[in-house]
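S.K.: My questions all concern the structure below.
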Amino acid sequence: MYTAAHIASILGSPSVVGDRDVVHILLDSRKVFSPEDSVFFAVKGARRDGASFIPELYAKQVRCFVVSAEPDRSLYPGADFIVVADVLAALQQLAATHRARFSIPVIGITGSNGKTIVKEWLYQLLEADYNIVRSPRSYNSQTGVPLSVWEMDSTHTLAIFEAGISLPGEMEQLEPIIRPTTGVFTNLGEAHSEGFPGAAEKAAEKAMLFRHTLTIIYNANNPLIEDAIAAVATPASEELVGWKDILPAILRVVSRTTDGTHSIIHAEWKAVPVSVEIPFADQASQENAISCWAVMLQMGYAPDLIATRMKQLQPVNMRLEVKQGINNCVIINDSYSADPDSLRIALGFMQQQAQGRTRTVILSDFLQSASTDRGLYSDILESLSGQQVSDLICIGPRISIALQQPGVKIPEGLRISSFESTEQFIRGFRASVFRDQIILVKGARIFHFEEIVRLLEFKRHQTLLEINLRAIVHNVKFYQGRLKPTTRIMAMVKAFAYGAGGAEIAGVLQFHKVDYLGVAYADEGVDLRKAGISLPVMVINPEPASFEAIIDYNLEPVLYSMELLDLFEQFVRQEALPAWPVHIEIETGMNRLGFAPSQVELLTDKLKSSSWLKVQSVFSHLAASEDGAEDVYTRQQFATYQDAVKKISAHLGYPFIRHISNSAAIMRLPELELDMVRLGIGLYGVDSSGKNQPLLQPAATLRSTVAQLKYLKAGDTVGYNRRGKIDRDTTIATVRIGYADGYSRRLGYGAGKMFINGYLAPVIGTVSMDMTMVDVTDIPHIREGDDVIIFGKELPVQQVAAWAGTIPYEIMTGISQRVQRVYYEE
């Protein structure tokens, strides 16, 4: 445990600060889980100064900051500011001091590729014997390493950290933070070569991690690695464990064989024969496994035990995603890195997944190579040829020019097409070109290849859903005015923000200081994050398949069953991410999702004993808050919920947010307000209780146009199956909306009406997929192209829902994605 004063002393800061406890380090204003015991390091980045986020963090109750310039303290009463010369250096100094408090074994891993896989495999191999702290994901940068090391505590018996560098001098900063007792140098490749004069200098920089390391394990097949290790080895080094293929070494690899899915590796450990089998066939996996093998042998593990464990190694997800594509294609998404070594890994993976499909590769410029473009892309072409790639799509100016240079040999049968940018490729995209292919999409992050992976045809037509953003702001402020000043608002933006467009609505809500967002599924939360939304996001229906997205995009899942709780706890434990924020749902009478009251004691025991989960809130759903006839039942639900909260609070040991009120309960039952309320359809000007409808502003208008007018005689029929009967001379208008757009078939045969030129026009006949016919005989001056309101201010969505025999929620969320959303402010 540290205090702010203790941290100031460690950093040599003259700042006078209090004794508040500090447990968590913050670098990202979007990741505030426990503000009361967090310190924010206002690191200056290439584009943003962390100090600019202090007001936002202060508003989120963070009260301890490390800064390079002291702000106006009068703006932040009660806050501590630790002033230092360099915030990043201070972060690293604090982490190094923290590391020095521990005498447990620490494995430090570096190399051009394979660091994360070796780290995760060592965790799999050793977790039965040690309580391990390790780098989450690929936290190996100048900021990621301090955050990783900060997680060390007295319960850990082994640490495994990885370190990556891209410029000279960077490893000198990371070495005292990790200070490994055992080092692993995986390999030396092209990644980040542009920052060094040559490969030897890069190898020497990486090896600086092992300046004070007792044991160093390295791939001795590369003489540059051997030389770099020899240069940093000191008399204190107990053992240099190099491994080589065939040639003499402490671990001499005699042979590697594969059957296409598994590999058997025979070797000699200090001249004694040993062997292992791993469930992987590619060369990169073999080499990563050998590094792990050498670590375990050096640690004194029996060869038979090592062999048993290595046979059970599990794959590590390195953001190489396989997705189903259009026209029976398979897409491999690998926009994590762009260098020749990772390309070879991805191509090997592509070969495993091909299953007879023709192979297409979409590549961007490779930006991290020290080779000439001509040499680099010639090598890439050779790699593609060896994997039977038939089509190469190049995106970026460098790769396109390089492939046109004299002397660059294009493999026979390889078709190449080039684009200057991702935008140019998207503009010319034709879905019909891709059929029955496996497509590897691999590019540097700045090319935004995720836009290619997610590319879908967006069909636009003259039916629009218009969203009045000012009306949404009005409605938010209306509800805020009915709440206590301390009560938070969670805005529900699930189901594409009730059909209105999740990211756009969330951006408005964030600007106007809503406290939380709620979505139904992780995919919706991912879209919000990609759109730049930083508010906390609760995911109501998390699925095990979505856990990785929840972690990657800093989302907060709702846990509603013991099985789901156990699965998510296991996942964050595997990812080495303690105290992940979660929300607990209590079943009080909705009988949908949630822990039963009888499970609360068991639930509390599990939560109290888990260091991997932190409860952000406990909530429940009201079944009939809009219905006065059900108020007795609603209050029974509230009593059941309060009883569960009391039990959880008594044993958990820290506070959490309580919420049960929805839009209707905010207005009808203010005694249910608690710490936070969930505002849903009320945002869009729909009062489900009906009590305050005149005080809200409708935010959504669904409109279309008249495509054609027809003049029919009595006895004619309209639409499919001749269901629309004409009993007088009639003018009908065909409107550009149908059930594929979300206009329900239940509105056919006169049940529904549309608002045209100030009049209601009844639907005649069946609602078709793309068109609906209405009777406009009695509407004067009707013309083709006239505006048609399906719902909006002139025709409330509640009325349309009543005609369809449903509720406004279904009408709004049913508007399909092919209907263009237009946002405006009056």
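The values are calculated or read from the model by the stated rules, or taken from the named source; none is laboratory data. Values in this document were obtained by computation on a predicted structure and should not be read as measured data. Please note: Cβ atoms are built from the backbone with ideal geometry, for glycine as well, and neighbour counts cover all protein chains shown. Areas reflect the complete protein model, heavy atoms only, side chains present, ligands, DNA and RNA absent. Shrake-Rupley method; radii C 1.70, N 1.55, O 1.52, S 1.80 Å.
S.K.: Can you name the number of the only condition in (1) of a type in the set (A, V, I, L, M, F, W, C); (2) under 22 Å from Ile217 (Cα atoms); (3) within 27 Å of the chain's Cα centre (by Cα) that Ile104 fails?
M.R.: Answer for Ile104: the failing condition is (3).
S.K.: Follow-up. Exactly one of these conditions fails for Met812: (1) free of Cβ contacts under 8 Å to residues at least 60 places away in the same chain; (2) within 30 Å of Ala503 (Cα to Cα). Give me its number.
M.R.: The one condition Met812 does not meet is (1).
S.K.: Which pairs do you get when a residue that is without any contact (Cβ under 8 Å) to a residue 40 or more places away in the chain, found in the stretch 257-273, comes within reach of a residue that is exposed (fewer than 13 other Cβ atoms within 10 Å of the Cβ), reach meaning Cβ atoms under 6 angstrom, with the pair 6+ apart or on two chains?
M.R.: Partner pairs satisfying both residue conditions: Ile264/Thr257; His266/Ser255.
S.K.: Does Arg728 meet the test of being of a type in the set (D, E, K, R) and touching a residue at least 40 places away in the same chain (Cβ under 8 Å)?
M.R.: Details: of a type in the set (D, E, K, R): yes; touching a residue at least 40 places away in the same chain (Cβ under 8 Å): yes.
Yes; evaluated as a whole, the condition is true for this residue.
S.K.: Here is a check on your reading of the model: is Ala220 more than 17 Å from Ser166 (Cα to Cα) and either at pLDDT 95 or above or more than 36 Å from the chain's Cα centre (by Cα) (or both)?
M.R.: yes
S.K.: Additional query: Tell me, please, whether a residue that is open to solvent by less than 60 Å² (accessible area, probe 1.4 Å), touching a Gly at 6+ places or on another chain (Cβ under 9 Å) and assigned to a loop (DSSP other than H, G, I, E, B) can be found in the stretch 784-794.
M.R.: No, there is no match, as no residue in the stretch 784-794 is open to solvent by less than 60 Å² (accessible area, probe 1.4 Å), touching a Gly at 6+ places or on another chain (Cβ under 9 Å) and assigned to a loop (DSSP other than H, G, I, E, B).
S.K.: Which of the following residues is touching a strand residue (DSSP E or B) at 6+ places or on another chain (Cβ under 9 Å), within 24 Å of Ile160 (Cβ to Cβ) and modelled with pLDDT of 95 or more: Thr181, Thr213? Give the derivation first.
M.R.: Details: Thr213 fails: modelled with pLDDT of 95 or more.
When all the criteria are applied, what remains is Thr181.
S.K.: Something else now. Please return the ranges of helices (runs of 4 or more DSSP H) entirely within the stretch 396-454 where 3 or more residues are open to solvent by 60 Å² or more (accessible area, probe 1.4 Å).
M.R.: Numbers: elements: 397-402, 422-427, 450-453.
In the stretch 396-454, 422-427 are the helices (runs of 4 or more DSSP H) which contain 3 or more residues that are open to solvent by 60 Å² or more (accessible area, probe 1.4 Å).
S.K.: State whether one or more residues within the stretch 266-284 are of a type in the set (S, T, N, Q), over 24 Å from Ser112 (Cα atoms) and modelled with pLDDT of 95 or more.
M.R.: Yes, because at least one residue in the stretch 266-284 is of a type in the set (S, T, N, Q), over 24 Å from Ser112 (Cα atoms) and modelled with pLDDT of 95 or more.
S.K.: Among the residues of the stretch 189-220, write down those that are part of a loop (DSSP other than H, G, I, E, B) and crowded, with 24+ Cβ neighbours inside 10 Å.
M.R.: Thr213
S.K.: Give me the pairs, please: first residue somewhere in the stretch 400-426 and in contact (Cβ under 8 Å) with a residue 12 or more places away in the chain and hydroxyl-bearing (Ser, Thr, Tyr), second residue anywhere and part of a helix (DSSP H, G or I) and open to solvent by less than 50 Å² (accessible area, probe 1.4 Å), beta-carbon distance under 6 Å, and either six or more positions apart or on two chains.
M.R.: Every condition considered, the pairs that remain are Ser418/Ser400; Thr422/Phe447.
S.K.: Taking the criterion of being open to solvent by 50 Å² or more (accessible area, probe 1.4 Å), among the polar types (S, T, N, Q) and farther than 23 Å from Asp552 by Cα, would at least one residue in the stretch 15-30 satisfy it?
M.R.: no
S.K.: I've got another one for you. Identify the residue in the stretch 663-692 that is among the hydroxyl-bearing types (Ser, Thr, Tyr) and out of contact with any Leu (no Cβ under 9 Å at 6 or more places or on another chain) and, among all such residues, is least open to solvent (accessible area, probe 1.4 Å).
M.R.: Ser689
S.K.: Does at least one position in the stretch 252-262 carry a residue that is open to solvent by 60 Å² or more (accessible area, probe 1.4 Å), modelled with pLDDT under 90, β-branched (Val, Ile, Thr) and in a strand (DSSP E or B)?
M.R.: no
S.K.: So is Arg374 at pLDDT 80 or above, over 30 Å from Pro136 (Cα atoms) and either buried (at least 19 other Cβ atoms within 10 Å of the Cβ) or under 26 Å from the mean Cα position of the chain (by Cα) (or both) or not?
M.R.: Numbers: at pLDDT 80 or above: yes; over 30 Å from Pro136 (Cα atoms): yes; either buried (at least 19 other Cβ atoms within 10 Å of the Cβ) or under 26 Å from the mean Cα position of the chain (by Cα) (or both): no.
Here the answer is no, as Arg374 does not meet what is asked.
S.K.: Which residue, of Ala281, Ala228, Ala249, is surrounded by 16 or more Cβ atoms within 10 Å (Cβ to Cβ), of a type outside the set (Val, Ile, Thr) and assigned to a helix (DSSP H, G or I)? Quick ask: steps written out before the conclusion?
M.R.: Numbers: Ala281 fails: assigned to a helix (DSSP H, G or I); Ala249 fails: assigned to a helix (DSSP H, G or I).
Among Ala281, Ala228, Ala249, only Ala228 is surrounded by 16 or more Cβ atoms within 10 Å (Cβ to Cβ), of a type outside the set (Val, Ile, Thr) and assigned to a helix (DSSP H, G or I).
S.K.: Only one residue in Pro180, Pro168, Pro136, Pro146 is open to solvent by 30 Å² or more (accessible area, probe 1.4 Å) and either over 31 Å from the mean Cα position of the chain (by Cα) or in contact (Cβ under 8 Å) with a residue 24 or more places away in the chain (or both). Which one? Give the steps one after another, and end with the answer.
M.R.: Numbers: Pro180 fails: open to solvent by 30 Å² or more (accessible area, probe 1.4 Å); Pro136 fails: open to solvent by 30 Å² or more (accessible area, probe 1.4 Å); Pro146 fails: open to solvent by 30 Å² or more (accessible area, probe 1.4 Å).
Only one candidate passes the filter, namely Pro168.
S.K.: Restricting to the stretch 702-737, give me the number of residues that are over 28 Å from Gln820 (Cβ atoms), modelled with pLDDT under 90 and surrounded by 13 or more Cβ atoms within 10 Å (Cβ to Cβ).
M.R.: Count: 6.
S.K.: If the requirement is being farther than 25 Å from Thr155 by Cβ and in contact with an Asp or Glu (Cβ under 8 Å, 6 or more places away or on another chain), which of these qualifies: Val87, Val67, Val83?
M.R.: Val83
S.K.: Report yes if some residue within the stretch 581-594 is within 15 Å of the chain's Cα centre (by Cα), crowded, with 18+ Cβ neighbours inside 10 Å and closer than 30 Å to Met667 by Cβ; otherwise report no. Break it down into steps so the answer makes sense when it comes.
M.R.: Initial filter on the stretch 581-594 (within 15 Å of the chain's Cα centre (by Cα)): 581.
Then keep just the ones that are crowded, with 18+ Cβ neighbours inside 10 Å; that gives 581.
Then keep just the ones that are closer than 30 Å to Met667 by Cβ; that gives 581.
Scanning the stretch 581-594, I find at least one residue that is within 15 Å of the chain's Cα centre (by Cα), crowded, with 18+ Cβ neighbours inside 10 Å and closer than 30 Å to Met667 by Cβ, so the answer is yes.
S.K.: Still on this model: Of all residues in the stretch 738-752, count the ones that are more than 35 Å from the chain's Cα centre (by Cα) and buried (at least 18 other Cβ atoms within 10 Å of the Cβ).
M.R.: Of the residues in the stretch 738-752, 3 are more than 35 Å from the chain's Cα centre (by Cα) and buried (at least 18 other Cβ atoms within 10 Å of the Cβ).
S.K.: Additional query: Under 6 Å between Cβ atoms, which residue pairs at least 6 apart in sequence (or on different chains) link something in the stretch 20-44 that is among the hydrophobic types (A, V, I, L, M, F, W, C) with a partner that is open to solvent by less than 10 Å² (accessible area, probe 1.4 Å) and in a loop (DSSP other than H, G, I, E, B)?
M.R.: From residues that are among the hydrophobic types (A, V, I, L, M, F, W, C), the pairs are Phe40/Val62.
S.K.: Whether any residue in the stretch 600-620 is at positive phi and open to solvent by less than 30 Å² (accessible area, probe 1.4 Å) is what I want to check. Break it down into steps so the answer makes sense when it comes.
M.R.: Here is the first cut: in the stretch 600-620, the residues at positive phi are none.
Within the stretch 600-620 (the criterion being at positive phi and open to solvent by less than 30 Å² (accessible area, probe 1.4 Å)), the answer is no, since none of the residues qualifies.
S.K.: Looking at the stretch 276-286 only, could you name the residues that are within 16 Å of Arg252 (Cα to Cα) and either in contact with a Gly (Cβ under 7 Å, 6 or more places away or on another chain) or among the aliphatic types (A, V, I, L, M) (or both)?
M.R.: The one that is within 16 Å of Arg252 (Cα to Cα) and either in contact with a Gly (Cβ under 7 Å, 6 or more places away or on another chain) or among the aliphatic types (A, V, I, L, M) (or both): Val276.
S.K.: Moving to a separate point now. Looking for something of a type in the set (A, V, I, L, M, F, W, C), open to solvent by less than 40 Å² (accessible area, probe 1.4 Å) and either closer than 22 Å to His192 by Cβ or touching a helix residue (DSSP H, G or I) at 6+ places or on another chain (Cβ under 9 Å) (or both) - is there at least one such residue anywhere in the stretch 68-77?
M.R.: Within the stretch 68-77 (the criterion being of a type in the set (A, V, I, L, M, F, W, C), open to solvent by less than 40 Å² (accessible area, probe 1.4 Å) and either closer than 22 Å to His192 by Cβ or touching a helix residue (DSSP H, G or I) at 6+ places or on another chain (Cβ under 9 Å) (or both)), the answer is no, since none of the residues qualifies.
S.K.: For the stretch 697-712, does any single residue satisfy the condition of being in a helix (DSSP H, G or I) and not aromatic (Phe, Trp, Tyr)?
M.R.: No, the stretch 697-712 contains no residue that is in a helix (DSSP H, G or I) and not aromatic (Phe, Trp, Tyr).
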